[in-house]
2 protein chains.
Amino acid sequence: MGEDCGTGVAFTRNPADGENAFYGEYLVNAQGEDVVAGIRTPLPINKKQKTDASVKSLEELWPDIYKQVIKVRNNLEKNYRDMQDIEFTIQNRKLWMLQTRTGKRTAFAAFKIAIDMVRQKLITKEEALMRVEPDQLNQLLRPIFDPQEKDKALKAGDMVARGLNAGPGAASGKVVFNAEDAENWANRGEQVILVRIDTSPEDIRGMNAAQGILTSRGGMTSHAALVARQMGKVCVAGCGTLDIDYARKVIRVNGKTIQEGEFVSIDGTTGEVFAGQIKTIPSEILRVLVDKTLKPSQSKIYQDFALLMKWADEVRSLGIRTNADQPDQAAIAVAFGAEGIGLCRTEHMFFEGDRIDAVREMILADDKAGRVAALEKLLPMQKDDFVGLFTVMKGLPVTIRTLDPPLHEFLPHTDREVADLAQKLGVTAEKIQSKIDSLHEANPMLGHRGCRLGIVFPEITEMQARAIFEAACEVKKKKINVKPEVMIPLVGNINELKLQKDVVVQVADEVFKKNKTKVDYMVGTMIEIPRAAITADEIAKEAEFFSFGTNDLTQTTLGMSRDDAGKFLVPYVEKEIYSFDPFQRIDEAGVGKLMKLGVDLGRGTRKNLKCGICGEHGGEPNSVAFCHKVGLNYVSCSPYRVTIAKLAAARAAIENKKTMKTAVKKAPAKKKRK
Amino acid sequence: MGEDCGTGVAFTRNPADGENAFYGEYLVNAQGEDVVAGIRTPLPINKKQKTDASVKSLEELWPDIYKQVIKVRNNLEKNYRDMQDIEFTIQNRKLWMLQTRTGKRTAFAAFKIAIDMVRQKLITKEEALMRVEPDQLNQLLRPIFDPQEKDKALKAGDMVARGLNAGPGAASGKVVFNAEDAENWANRGEQVILVRIDTSPEDIRGMNAAQGILTSRGGMTSHAALVARQMGKVCVAGCGTLDIDYARKVIRVNGKTIQEGEFVSIDGTTGEVFAGQIKTIPSEILRVLVDKTLKPSQSKIYQDFALLMKWADEVRSLGIRTNADQPDQAAIAVAFGAEGIGLCRTEHMFFEGDRIDAVREMILADDKAGRVAALEKLLPMQKDDFVGLFTVMKGLPVTIRTLDPPLHEFLPHTDREVADLAQKLGVTAEKIQSKIDSLHEANPMLGHRGCRLGIVFPEITEMQARAIFEAACEVKKKKINVKPEVMIPLVGNINELKLQKDVVVQVADEVFKKNKTKVDYMVGTMIEIPRAAITADEIAKEAEFFSFGTNDLTQTTLGMSRDDAGKFLVPYVEKEIYSFDPFQRIDEAGVGKLMKLGVDLGRGTRKNLKCGICGEHGGEPNSVAFCHKVGLNYVSCSPYRVTIAKLAAARAAIENKKTMKTAVKKAPAKKKRK
């Protein structure tokens, strides 16, 4: 090989950030393999890429060849309509193209390239939508570790463990071991990571106060993971190698110890856990939409993002709602484009402030009169919650689920808490303990919860319905539209729904009469146990809408508790019994078949029955595609997954159109049939 | 009204014991109402009935009238072909018949009348089968309280509580509060009633030693109730008014206390609980078939019973198997006419004698090698179990379920037990406690159990398969036929069955090769979670038989834990949400629909797929009828319900023939179609 020989590897655009700039390396006097093998350090392909003035780029060395390559690059992109990864060689100053293929790229690059190519009219908007994976979009929304800082930490051996990447993004903070400390420390301005073996509804305020949550137990749909994603918090869950010692306030891991107050950094996108602090960089999109610290005009990436979302909205037929219990969560979801609330869990409100005392008083009451008295205290607070939600949602539908969890979840756990409560309520600790014991259940998932609570204690449903309709009337009087949809959980039998609906309708009538106004509302049900899906034709006689609760439907259809599945689900996925975690992605052959049956039976009874999904699957792209296929009207997901669901819905609509076109093509022409 | 007037009420046969003898009362100079109202004491209708020589029966007073009545009685029975309840009046020595209707009767009478009427050629065998309710048959098998003694106890106010009639029959014994005491006291010749808040698998030997079981918690399908019925033990369950104090060894109820060692008497047919001892009378049928203390020729009732069973066998198409884990249980079932074992729960064998130590050693092992070593100890014992079962069953099919319950059920519960085990195994108590903690599950029903155990620990399935096939070879060498059917529990996905079947088939091949013989066997699965029913077409590719586990299928399809349902199932049945307890009787609209789907899908793949049921419903008459309707091949029930299931199966076949006849009648004749 002579002086006039060389070889190069290049991308038609930058695979890291998606910039529309030719990007590559070359070697003089070398074979292609030399570049790939990394034996010699290659040179930059053009002046723009140069970081070292002493070297010569291809552009400088052989400007004519470079121009030819650029021309080829333009032709290739025009022809293949995508960013190409190309190899070429130069012999006697003559350019030979060796290979071209679609180039791999980062999430950021995929996103930017797709949008740029529409602008350049290389591809259609629909093609752009198909080129951005919904989960790639997720990465755009998350704070990340500063890449250099993370690299430093890795090299220093600070990565101490790896758990499940349960809540994407990166967070750094001081270790605290309980929710109360998380709140207190956060109030005095500390950034904290809440470290727990697992979390329960009582930890919610602490979770909200923390930068991130780290648990040693539980899977991708454990309480910690679910709530973290709903809150948009970083979360690494089920990190089993951590030995969390609440008593000594220390984490022991691989011979190291991390004390309360020391820094940890967790990457919820990868599951990595680091000892020490690592700097994070926030997402521009969130700064525009949520924090409002950046104007749309200041962020190129936000503008691109908004454009992609606009295209998705034009294409998709599936509605996108959000799971939100608080006005602030709802506001974020609306900023992301949510078209309603698909699931408001009223029990989350029961933990706010002093309410838990009234809730506990209700549970401990000896009779209905006692329960009603305690519920009276809750009524104005629940009403305020709904006023807040309705106001934020400005006439968008708000689906409110009546009380769902078993009552024992609201009672204290430790002896000290029991003693405190006894003093507060003026009863004996024994009485409380005896109540806790009597409410203990062998399998709480399948126990006294959902509508079974409202059926045994109709006064609870009554209070909740009253709070909903009084709030609706109040907001309507402020000239803000309201669309409440009351949703009865865990229905398995038409008679359950009938009884609960009667309570709701009666309260609505009373409240409307008292307020001399009326509000349009619906009463529907969750379809979350197999019997509901199987008897959906019956249930649709009473239900004005269905919402598939695929978290519980997966648990019951598969006979698998998501809290306990950790022990066997990993070997199960490894042995390919299930090719994915059915709690993350809808098991189409099982749960999906029941969903389809439910939709078809339901609409057989009530033609235009509105059907949605409010399980965690509502924010998972493959599951969203499935929901589109079985004809749901909407999916509901956590606020931070609204845009992902939108993109997935758009892609499903495009895919479906394609399939239908193919089907039409394949079908024999009509006239031939005659 | 003159001297020659009178009025009478009579049954054409004795409604109490079914004797073929005219039985009634009359009053001279009276209206019919006088007899009914009981204002005057009526007189016996004939000499046979007289207990007081000073009164005159109708037969004596007006022999001509009496003869007329007898003639009418014969005509009425001939015409109505059933025992009649008649009213007549006499005016001026002339007989006027006022009314006749089918007479109410006791279970004993119903049974006897039906059989006698066939003998008298008044009705057909099929009609006789339709006239005995299967549950009436149950009453014939049970010991009962001596009626006079019970009456005395009631009058003395000894009835202290009422629970669920969970295991029919009557039992009296001294109160003991734990299984160990039950065994010890029984060994020294005492009759005991085991009184527990609830029971667990560890209590089995104590339950077996006791005359009856009384619990304060749990429903009709609680562990205590299930095991009691399987053992044929008297059981009153869920008697919530009892305050059972283990520490002080006392029951407190309604201000009374019953100490350890004092007598209680429980009626499992009515749910009544008495303080003190009440004499019981044994069932003749059991004395012939099980105790062998009576010869068939000595018992008229046994002969009638055997005849009815013969008729049932002629008519029914549904096979009847039994759920039995021990040779003695199996022998009883065979005596009742069971045609195979439909469910042998291998885990029950794990509690026998010292085996539990080996089981615990296996659970506590740190690795596979440790588990295998412990399993080696269990192998010969499990093999012996199967040798026993195969020998008793003499070539009838024996369905053996591989290990099903979560492992934590085998670990000790109290600190003392933990300490004992630690010493036995030479490990620290901390290690055991930590294992117990790590195996703790939020919802064990939906946890790491069933085939999930065998998939994570294939060595367990391997040991069990080896025990089965080695036993089969050994028994076959003794020229006794063997038909093992290995059943994999809790399958929800074809891949689970595939993996477990591979283990079983490989072990079978090895054992057959080593023994130079072969045994016909099948590998099948339980259908007990909704996903299995929904994907039965897939599962039937591997499964050689299906057995519906309707206990768990009801729990998962309804999303209802049977252990926890007590709190809401009573109001549920009261409010007619479910018109019966779905754990007792198959919920046809939900669980039944899945069963039908499973059978149809399964047979779509494998035309002659054998389908059975081994849940508790297999012994419940309405459910047996449903099983017939959906085309199951057999039902399997506890030994003491085999005859009930037989009768129910016969009745279902008769009903079905009727329906089909009607359907044929209604269908337009074929030639019209042309």
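The values are calculated or read from the model by the stated rules, or taken from the named source; none is laboratory data. Every value quoted in this text rests on a predicted model; they were computed, and no experiment measured them. Every residue, glycine among them, receives a Cβ derived from its backbone with ideal geometry; neighbour counts consider all protein chains shown.
Of note:
- Residue count for region A:559-600, restricted to those that are of a type in the set (A, V, I, L, M), touching a Ser or Thr at 6+ places or on another chain (Cβ under 8 Å) and either at the interface with another protein chain (Cβ under 7 Å from one of its Cβ atoms) or more than 26 Å from A:ASN443 (Cα to Cα) (or both): 3
- Checking each residue in region A:409-419 for being touching a residue at least 40 places away in the same chain (Cβ under 8 Å) and part of a helix (DSSP H, G or I) picks out A:GLU409, A:PHE410.
- Considering only residues in region A:74-100 that are crowded, with 17+ Cβ neighbours inside 10 Å and over 39 Å from the mean Cα position of the chain (by Cα), the one that is nearest to A:GLU19 (Cα to Cα) turns out to be A:GLU87.
- For region A:529-544, a residue qualifies if it is within 18 Å of A:LYS501 (Cα to Cα) and buried (at least 24 other Cβ atoms within 10 Å of the Cβ), and the qualifying residues are A:ALA532, A:ALA536, A:ILE539, A:ALA540, A:ALA543.
- Within region A:504-515, none of the residues are surrounded by fewer than 21 Cβ atoms within 10 Å (Cβ to Cβ) and within 12 Å of chain B (Cβ to nearest Cβ).
- Subset of region B:534-558 (residues that are more than 9 Å from every other protein chain (Cβ to nearest Cβ) and within 18 Å of B:ARG606 (Cβ to Cβ)): B:ALA536, B:ASP537, B:ILE539, B:ALA540, B:LYS541, B:GLU542, B:ALA543, B:GLU544, B:PHE545, B:PHE546, B:SER547, B:PHE548
- Counting only helices (runs of 4 or more DSSP H) that sit wholly inside region B:560-647, those with at least 1 residues that are under 12 Å from the mean Cα position of the chain (by Cα), buried (at least 18 other Cβ atoms within 10 Å of the Cβ) and not acidic (Asp, Glu) are B:621-629.
- Flag if B:ALA182 is in contact with a Pro (Cβ under 7 Å, 6 or more places away or on another chain) and among the hydrophobic types (A, V, I, L, M, F, W, C): no
- B:THR399 in a strand (DSSP E or B), crowded, with 16+ Cβ neighbours inside 10 Å and out of contact with any Pro (no Cβ under 6 Å at 6 or more places or on another chain): yes
- Filtered residue count, region A:440-473, keeping only those that are in a helix (DSSP H, G or I), in contact (Cβ under 8 Å) with a residue 24 or more places away in the chain and within 11 Å of another protein chain (Cβ to nearest Cβ): 9
- Evaluated against (1) within 20 Å of B:PRO621 (Cα to Cα); (2) touching a His at 6+ places or on another chain (Cβ under 7 Å), B:GLY342 falls short on exactly one condition, (2).
- Positions within region B:357-377 being hydrophobic (A, V, I, L, M, F, W, C) and part of a helix (DSSP H, G or I), in sequence order: B:ALA358, B:VAL359, B:MET362, B:ILE363, B:LEU364, B:ALA369, B:VAL372, B:ALA373, B:ALA374, B:LEU375
- Taken as a whole, region B:608-618 holds no residue that is of a type in the set (Val, Ile, Thr), within 13 Å of another protein chain (Cβ to nearest Cβ) and either out of contact with any Pro (no Cβ under 9 Å at 6 or more places or on another chain) or closer than 22 Å to A:VAL591 by Cβ (or both).
- Residue in region B:420-430 that is surrounded by fewer than 20 Cβ atoms within 10 Å (Cβ to Cβ), of a type in the set (D, E, K, R), in a helix (DSSP H, G or I) and touching a helix residue (DSSP H, G or I) at 6+ places or on another chain (Cβ under 7 Å) present: yes
- Here A:MET526 fulfils each of the conditions (1) buried (at least 21 other Cβ atoms within 10 Å of the Cβ); (2) in a helix (DSSP H, G or I); (3) of a type in the set (A, V, I, L, M, F, W, C) apart from (2).
- Selection count, region A:505-551, where residues are within 15 Å of A:GLU474 (Cα to Cα) and of a type in the set (Phe, Trp, Tyr): 2
- Residues in region B:545-559 that are within 28 Å of B:ASN608 (Cβ to Cβ) and either surrounded by fewer than 18 Cβ atoms within 10 Å (Cβ to Cβ) or of a type outside the set (Ser, Thr, Tyr) (or both): B:PHE545, B:PHE546, B:PHE548, B:GLY549, B:ASN551, B:ASP552, B:LEU553.
- Filter result for A:ALA625 (at negative phi, hydrophobic (A, V, I, L, M, F, W, C) and in contact with a helix residue (DSSP H, G or I) (Cβ under 6 Å, 6 or more places away or on another chain)): yes
- Residue, surrounded by the fewest Cβ atoms within 10 Å (Cβ to Cβ), within region B:310-345, restricted to residues that are touching a Lys or Arg at 6+ places or on another chain (Cβ under 6 Å) and in a helix (DSSP H, G or I): B:TRP311
- Flag for A:LYS78 being among the basic types (Lys, Arg) and either part of a helix (DSSP H, G or I) or under 30 Å from A:TRP311 (Cβ atoms) (or both): yes
- Just one residue in the set A:GLU260, A:GLU314 is over 28 Å from A:LEU164 (Cα atoms) and either at pLDDT 95 or above or aliphatic (A, V, I, L, M) (or both); that residue is A:GLU314.
- Residue check, B:LEU389 part of a helix (DSSP H, G or I) and away from chain A (no Cβ under 14 Å): yes
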